[in-house]
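J.: Pasting a structure below so you can have a look.
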Amino acid sequence: MKIVMIGNPVLRKKARTVHKVTSELVEFADSMEALMHPTGVGLAAPQVGRSEAFFIYDVGDGLRLVINPQILERKGAASGEEGCLSVPGVWAPIERATEITLSFLDRSGHRRVRKYADFEARVIQHEYDHLQGVLFVDRITDAATISVQEDSPVAEALAQTVETRERQL
Ligand SMILES: [Zn+2]
């Protein structure tokens with residue numbers, strides 16, 4: 001298992017709904033955790049080439065698995081710096097809702113509805129986007145705010161993404 005980078009079409013597909021939460025899926029999701037450390041706080045299944053609607057994250061109080069998420073409500077807005085394991089060496093401030101209500105299946109396959117705020121809400125919105133085929137760089141509103149590390153392996157793919165989007169505006 002390895003992380004796929006911007007430019008790979010799997011990152012642009014809408015992920016399939018999970019029809020059954022199997023032990024295989026839960027074990028797979030848990031094994032994604034190793035790829036998330038030490039720099040990532042979240043990882044969505046399409047980022048390891050599996051186009052199914054689930055992601056993991058850990059904001060410091062343990063690993064969470066979120067399956068078939070739906071954002072029922074968004075409140076507030078704040079800008080915060082984001083990066084992505086599939087877009088290494090790139091950071092930009094992204095505006096996100098500060099509070100969300102999320103419906104999802106947990107690792108036991110039970111439907112949960114919970115509210116999240118601030119950083120955790122940001123991480124969930126970022127990972128949720130991955131399941132829609134959306135990358136954080138698509139949400140950059142001012143190209144001047146992007147920080148790109150000189151040796152970033154994805155600088156070229158990023159430039160293409162930003163250029164394509166500017167043509168669409
Ligand atoms: Zn990401």
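J.: Would you pick out the residues in the range 85-143 that are small (G, A, S), farther than 21 Å from E156 by Cα and free of Cβ contacts under 8 Å to residues at least 24 places away in the same chain?
T.: Result: A117, single match.
J.: Taking the condition touching a strand residue (DSSP E or B) at 6+ places or on another chain (Cβ under 7 Å), charged (D, E, K, R), crowded, with 19+ Cβ neighbours inside 10 Å and at pLDDT 95 or above, does E99 pass?
T.: Taking the combined requirement at face value, the residue does not satisfy it.
J.: On to the next question. Mind checking which strands (runs of 3 or more DSSP E) fall wholly inside the range 72-140 and carry at least 1 residues that are among the polar types (S, T, N, Q) and over 20 Å from K13 (Cα atoms)?
T.: Output list reads 78-84, 99-105.
J.: Keeping to the range 110-137, report how many residues are of a type in the set (A, V, I, L, M, F, W, C), more than 11 Å from the chain's Cα centre (by Cα) and surrounded by fewer than 19 Cβ atoms within 10 Å (Cβ to Cβ).
T.: Qualifying residue count, the range 110-137: 3.
J.: Another question, then. Could you list all residues from the range 27-47 that are β-branched (V, I, T) and touching a strand residue (DSSP E or B) at 6+ places or on another chain (Cβ under 7 Å)?
T.: V41 - this is the single residue of the range 27-47 that is β-branched (V, I, T) and touching a strand residue (DSSP E or B) at 6+ places or on another chain (Cβ under 7 Å).
J.: Restricting attention to the range 13-62, and to residues there that are assigned to a loop (DSSP other than H, G, I, E, B) and closer than 13 Å to S86 by Cα, which single residue is farthest from the ligand (Cβ to nearest atom)?
T.: Of everything passing the filter in the range 13-62, G49 is farthest from the ligand (Cβ to nearest atom).
J.: Taking the options T39, T22, name whichever one is more than 20 Å from E120 (Cβ to Cβ) and β-branched (V, I, T).
T.: The conditions single out T22.
J.: For the range 81-117, what are the residues that are among the polar types (S, T, N, Q), closer than 26 Å to H37 by Cβ and more than 16 Å from the ligand (Cβ to nearest atom)?
T.: S108
J.: Sticking with this structure for a sec: Condition test on L65, is it closer than 18 Å to G109 by Cα, assigned to a strand (DSSP E or B) and aliphatic (A, V, I, L, M)?
T.: Yes.
J.: Checking the structure you have, find out if any residue of the range 140-147 is surrounded by 13 or more Cβ atoms within 10 Å (Cβ to Cβ) and within 16 Å of the ligand (Cβ to nearest atom).
T.: yes
J.: Is there a residue in the range 70-80 that is surrounded by 19 or more Cβ atoms within 10 Å (Cβ to Cβ) and either within 14 Å of the ligand (Cβ to nearest atom) or touching a residue at least 12 places away in the same chain (Cβ under 8 Å) (or both)?
T.: no
The values are calculated or read from the model by the stated rules, or taken from the named source; none is laboratory data. The shown structure was predicted, so the numbers you read here are calculated from the model rather than taken from an experiment. Positions of Cβ are backbone-derived with ideal geometry, glycine not excepted, and every protein chain shown enters the neighbour counts.
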